[in-house]
Amino acid sequence: GAGQSLGQRVRRFVEKPDRERAEAFLRAGHYYWNSGMFCFQADRLLEAMAVHAPEILAGVADCLTAVRQEGTMAELPARFADLPDVSIDYALMEKADQVAVVPARFDWSDIGSWSAYAELCPADAEGNRVQGDTVLIDAHNSVVLSRDRLTTLLGVDDLIVIDTPDALLVAAKDRDQDVKAIVAELKRRGHEAHLLHRTVHRPWGTYTVLEEGSRFKIKRIMVKPGAALSLQMHHHRSEHWIVVSGTAKIVNGDAEHLIRTN
């Protein structure tokens, strides 16, 4: 909360209060909603981290010593994932004592859920908000996002249906804040979907897994101009490459070949 003047000193910073506390803040009338935009000098941030989150600061500093740089991409060591999983709001802002707030009167949405995202799309006469190739029959007040293929709803209400290349989500509309529970379960199972998209970015470009079976995998690989994949050798599989656009220089043993489209 803060007073009314520009840049007023913050007396208390409360991250994600429960509903009862949030309603009390609204009734009090002198609290502001944190939009998540922070401004600080790097040295002051580091000073505050040293006081309030020394374990995170030391861990990040340690990881920076082992960063691998390839072109424009920097890769952190695996131990970075073992650092405390906490936001700057909890780790620092709730504890820091030299915080000020600048009130601003503009429209704002955190877009922190699929329902909030859907609010950006106009609703049809049945209250549905849709994007992509969809057919809805006797369906009401639902959110449908379908970018790559046809999605249909028949005789259902208050659903969220999000179809992406990575996964399909079907959820009750009033449970959209609980999607993080699915991510937690994927992580517990060691499912790669919580770490990797269908399209994976590497320093040299991207690859997308198009289809996969017990004895085969089909990938679309895009290599940046002038970039290169590392040389490989496989004893137990064969690879078939087709250039669909551009020209590739292929190294096979001691020989180099220029391979053109098709």
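FYI, it's all coordinate maths here, none of it is from the lab. Values in this document were obtained by computation on a predicted structure and should not be read as measured data. Glycine gets a Cβ as well: all are built from the backbone with ideal geometry, and neighbour counts include every protein chain shown.
One equal scatterer on each Cα of region 142-222, no solvent, Debye formula: the resulting log10 I(q)/I(0) at q = 0.12, 0.22 Å⁻¹ is -0.49, -1.14.
Given (i) 74, 58, 34; (ii) 47, 41, 35; (iii) 69, 39, 34 as candidate values of Cα extents along the principal axes in Å, which corresponds to the one derived from the coordinates? Answer by label: (i). FRET efficiency for the ASN252 to ASP148 pair, using the beta carbon distance and R₀ = 35 Å, is estimated at 0.50. Under a GNM of the chain (C-alpha, springs under 10 Å), which listed residue has the highest mean-square fluctuation: HIS234, HIS201, HIS140? Taking springs between Cα atoms under 10 Å, the residue moving most is HIS234.
For region 33-57 and region 109-140, what is the separation of their C-alpha centers, rounded to whole Å? Cα centroid to Cα centroid, the span is 37 Å. In degrees between 0 and 90, to the nearest 10, how far off the longest principal axis of the chain does helix 179-189 point, with axes built from Cα atoms? Roughly 50 degrees between the two axes.
Largest GNM mean-square fluctuation across ASP148, ASP158, ASP18, computed for the chain with C-alpha springs under 10 Å, falls on ASP18. Once the Cα-Cα distance is subtracted from the 0.36 nm per residue extended length, the ARG11 to ARG175 segment shows a gain of 55.7 nm. For SER109 and ASP133, the difference between the fully extended length at 0.36 nm per residue and the C-alpha to C-alpha distance is 6.0 nm. For region 153-210, the relative contact order is 20 percent, taking Cα pairs closer than 8 Å that sit 6 or more residues apart in sequence and dividing their mean separation by the residue count.
Using R₀ = 22 Å, calculate the FRET efficiency as 1/(1 + (r/R₀)^6) where r is the Cβ-Cβ separation of ALA42 and VAL67; round to 0.05. Efficiency, from the Cβ-Cβ distance: 0.80. For the chain, the antiparallel share of DSSP beta bridges with both residues in that region comes to about 65%. Figure legend: label point modelled 7 angstrom from the Cα of THR164 along Cα→Cβ; residues of region 190-207 with amide N under 20 Å from it are 190-202, 206-207.
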